[in-house]
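Notes follow once the structure below has been shown.
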Amino acid sequence: MKKLSLRLFVVYLGLLIWGVIIIIHSFSLVHQRRDAYLGKFDDTLTVGNRYFQIKQGNKQGFRGNVYADGGEIISTTIPIYDLYWEMDKVGVEPKDSAFFMARVDTLISVLCQLTPKVSREMYEQRIKEAYLDYYAKCRLASLKKGSKDKFVQEQGRRELADLKAAVRKKYEVIKISVDIHPDSWVRHTDWDRIRHLVGEKERKGVYYAGFRVDERYVHHNAYENYASSVIGMKREDNSYSGIEGYYDSLLAGESLKYRKLYVNRVLVPLRENRHIQVQNGCDITTTINIEMQRMVEQVLREKLEEIRPKWGCAILMETKTGAIKAISNLMMNKDGVYEDIADHAITESYEPGSTFKTVALLAALDTRRAEVTDTVACTKNRRLTVQRAFEISDNDGIYNVTHGVFKHIDQFLMKIDLMGLNTDLALETVNARYAPLDGKRLSDIDYNHVTHGYAVKLPPVYMLAFYNAIANNGCYMKPYLVQEVTYPNGERKVMRPVVVKAQIAHRDVIAKVQACLEGVVTHGTATRARDAYYLRMVKTDSTVRPLLAGKTGTARIYDAKSRQYAGYNNSTFVGYFPAENPQYTCLVLISGTSLDAGVVAAPVCLEIAEKIQSRDLSLQNYKYRESLWNKMPSVALGNVFDLYTLYTQMGYRFQQMPKNYWVSVSPVDGRDSLVNAHAKDDKNLYKYLKGASVKDAVYLLERRGYRVHIEGAGKVSDVAFKNDEAFLVLKNEAR
């Protein structure tokens, strides 16, 4: 018993001594390495067999979002993935191979959808065939490894190690996302599809059947081409253009540098980094209206694709406030596709052409030394009234009336400066152009050219703002693009409309110029901008006014290389609507066309005005509303029950209800609330498809066994048949 007690005492004593040694050693290690593990050194430190290294890390808050005026996200930060596939991570066991080969064809199909430019045959070669070859070699090496012969075993081990090493050195990169090419991004949904194919249970670390991703974040415009050049795009130097560049200091999230500790190249968390938090950037709410932006871009794109110029731009602005509701810049790329890649409307200047004649006319009339009823010498030895010379855009006529008031060009330019045209509008975009009219480089020799828009250059948005002042009865509003900034703490800064000049000219003079701008549309150079209601009513009502008022401008493009004006034009129309009570001002500029502005730009502006007006009855004056409701437009073809419901809900009565299912409807002359329904022969409905809605046309054709192909937008403009196929061409009503 005593011997046992002695042995236990010895054991306890030994453990105690061992514990004391451990405590002393631990204390020594802590004392020696404490500062190292706390990161209390500058660069590198070696303590015993431990190598300590400090590196700089960076935490970046998310960039703020950019919103439309209705709260829709225009640009935001989204996660994207770099996708890789590594053969050695698939596995070479028979069950791994069987699992992968059962899904490889579907996986290749997904990859083909992600990267259409890479053929299926290429993926078959790089994935399926490569893996089968790798699997066969690995299985052969594994068989050798299991041999009883030690030499063969060693040979198998070496071959297997060499195969895996070769694959690890260079794995197959299936897809790498590129910031400037959104179409090539692997999104979260794409990665989920791949993970779903191989299943969660088969996951091996971060790999799914050999696939893995690296996640990163990019700032992206959610609406392709929707004012993207004005909203802002990331450039090669990682800076931003447009609004995003102008407000970059607010949008960019907080950037915070911190220290990272590595011990023998393994990351060890530092206590000081536990509570590192960074703030995200501010959110910006723009004045852009997504629905209006969609309409403006669609109309502009249709015209550009029809005539194929180099580029075109369109701006829509609220008359009373100066808020830009839509802005589109479409330029033909090297593939012949129109994209919003360059901001011509704000950051570049052009000779405005005859749209500048409005400036000259207003300046002359505001001196009270000229009147629109005065006669003036025009081209071809004609004498016309000032108003008529303006309506037909006579160069000599406008120059003579201006020169009759201002004998020297410097007097003319001084008057323009007093009207506010030379004011820097300071728009909220990077590189917004400010191009005042430079009187120092202009002389009386240039006077004639200046009055009809040559020898001077302005950004299109400056001409828009000046016309907007005329539409606003002389009040010059500053165009603006941002209406609110929301800070991370919830505070908001609201941008208010800014008046550049309370009155650019006398009110009665503004009214005269407004009448002249209406005359340009009704019987001048912009007759293609006359709306359908005006054309219908002017025959019986001489007091009816057009929807649109404005001025055309066709300027030859100057070629700096040849030092002469080329054979192509900048065709512009600037106008406002409704003419009786302006709510919006619109500019359309189409560059690189041989056609005049009255042919290409004016109809685009009209279509934009009609599309916006059709969605907002408040834009129509009382007389127009009354005529709209009491003189319902005719319907070319429709279902009788649908039309009966529509017309009765709006207070109309049918003179006689037809028995046929398909009818056309027209108002009864002299009766504001009575309409006629004309029955259509069901067997010959093809005759009446023109003018019908696409819904009714498709229903009728498919019911009769046709496969329908649709092109364009609007109502049915034309229909053609080929065997069992029907081709519908849609178009908004031609004016």
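If the condition is being touching a strand residue (DSSP E or B) at 6+ places or on another chain (Cβ under 8 Å) and more than 29 Å from residue 452 (Cα to Cα), then the stretch 333-351 contributes 333, 338, 339, 340, 341.
Within the stretch 132-155, being touching a Ser or Thr at 6+ places or on another chain (Cβ under 8 Å) and closer than 24 Å to residue 212 by Cα holds for one residue alone: 135. The criterion of at least 1 residues that are surrounded by 15 or more Cβ atoms within 10 Å (Cβ to Cβ) is met by the following strands (runs of 3 or more DSSP E) wholly inside the stretch 232-300: 255-263, 283-286.
Exactly one of (1) touching a residue at least 60 places away in the same chain (Cβ under 8 Å); (2) in a helix (DSSP H, G or I); (3) polar (S, T, N, Q) is unmet by residue 321. Its number? The number of the failed condition is (2). Do we have residue 143 as within 15 Å of residue 85 (Cα to Cα), open to solvent by 60 Å² or more (accessible area, probe 1.4 Å), modelled with pLDDT of 80 or more and not aromatic (Phe, Trp, Tyr) here? Spelling it out, it is not the case that residue 143 is within 15 Å of residue 85 (Cα to Cα), open to solvent by 60 Å² or more (accessible area, probe 1.4 Å), modelled with pLDDT of 80 or more and not aromatic (Phe, Trp, Tyr). In the stretch 352-393, what count of residues is obtained for those that are touching a strand residue (DSSP E or B) at 6+ places or on another chain (Cβ under 9 Å) and among the polar types (S, T, N, Q)? Matching residues across the stretch 352-393 total 7. Sub-7 Å Cβ pairs linking a first residue in the stretch 139-150 that is touching a residue at least 12 places away in the same chain (Cβ under 8 Å) to a second residue that is part of a helix (DSSP H, G or I) and open to solvent by 90 Å² or more (accessible area, probe 1.4 Å), at least 6 apart or interchain, are 145/157, ordered by first then second residue. Among the residues of the stretch 217-230, are any open to solvent by 60 Å² or more (accessible area, probe 1.4 Å), part of a strand (DSSP E or B) and modelled with pLDDT of 70 or more? So far as the stretch 217-230 goes, yes, one or more of its residues are open to solvent by 60 Å² or more (accessible area, probe 1.4 Å), part of a strand (DSSP E or B) and modelled with pLDDT of 70 or more. When we screen 478, 539, 493, 501 for residues that are surrounded by fewer than 17 Cβ atoms within 10 Å (Cβ to Cβ) and under 26 Å from residue 426 (Cβ atoms), the only hit is 493.
Within the stretch 391-433, restricting attention to residues that are among the aliphatic types (A, V, I, L, M), part of a loop (DSSP other than H, G, I, E, B) and closer than 22 Å to residue 554 by Cα, the residue that is most open to solvent (accessible area, probe 1.4 Å) is 392. For the stretch 528-535, the criterion of being farther than 16 Å from residue 610 by Cα and either assigned to a loop (DSSP other than H, G, I, E, B) or in contact with a helix residue (DSSP H, G or I) (Cβ under 9 Å, 6 or more places away or on another chain) (or both) is met by no residue. Scanning the stretch 377-390 for residues that are part of a helix (DSSP H, G or I) and at pLDDT below 95 yields 379, 380, 381. Hey, can you tell me all the residues within the stretch 337-376 that are free of Cβ contacts under 8 Å to residues at least 24 places away in the same chain and in a strand (DSSP E or B)? Result: 375, single match. Only one residue in 316, 304 is open to solvent by less than 40 Å² (accessible area, probe 1.4 Å), farther than 27 Å from residue 494 by Cβ and of a type in the set (A, V, I, L, M), so which one is that? Of 316, 304, the one residue that is open to solvent by less than 40 Å² (accessible area, probe 1.4 Å), farther than 27 Å from residue 494 by Cβ and of a type in the set (A, V, I, L, M) is 304. Against the condition without any contact (Cβ under 8 Å) to a residue 24 or more places away in the chain, part of a helix (DSSP H, G or I), surrounded by 16 or more Cβ atoms within 10 Å (Cβ to Cβ) and of a type in the set (Asp, Glu), how does residue 96 come out, does it pass? Judged against the criteria, residue 96 is a match. Determine which member of the set 584, 533 is under 25 Å from residue 287 (Cβ atoms), of a type in the set (Phe, Trp, Tyr) and open to solvent by less than 30 Å² (accessible area, probe 1.4 Å). From the options 584, 533, the qualifying one is 584.
Checking each residue in the stretch 64-82 for being touching a helix residue (DSSP H, G or I) at 6+ places or on another chain (Cβ under 7 Å) and under 30 Å from residue 210 (Cα atoms) picks out 79, 81. Restricted to the stretch 619-735, the set of helices (runs of 4 or more DSSP H) holding at least 3 residues that are modelled with pLDDT of 75 or more and farther than 26 Å from residue 303 by Cα comprises 640-649, 694-703.
The values are calculated or read from the model by the stated rules, or taken from the named source; none is laboratory data. Quantities reported herein were computed from a predicted structural model and do not represent experimental measurements. A quick note on method: Cβ atoms are made from the backbone with ideal geometry, for glycine too, and the neighbour counts reach across all protein chains shown. The accessibility values were calculated without ligands, DNA or RNA, using every heavy atom of the protein model including side chains. Shrake-Rupley method; radii C 1.70, N 1.55, O 1.52, S 1.80 Å.
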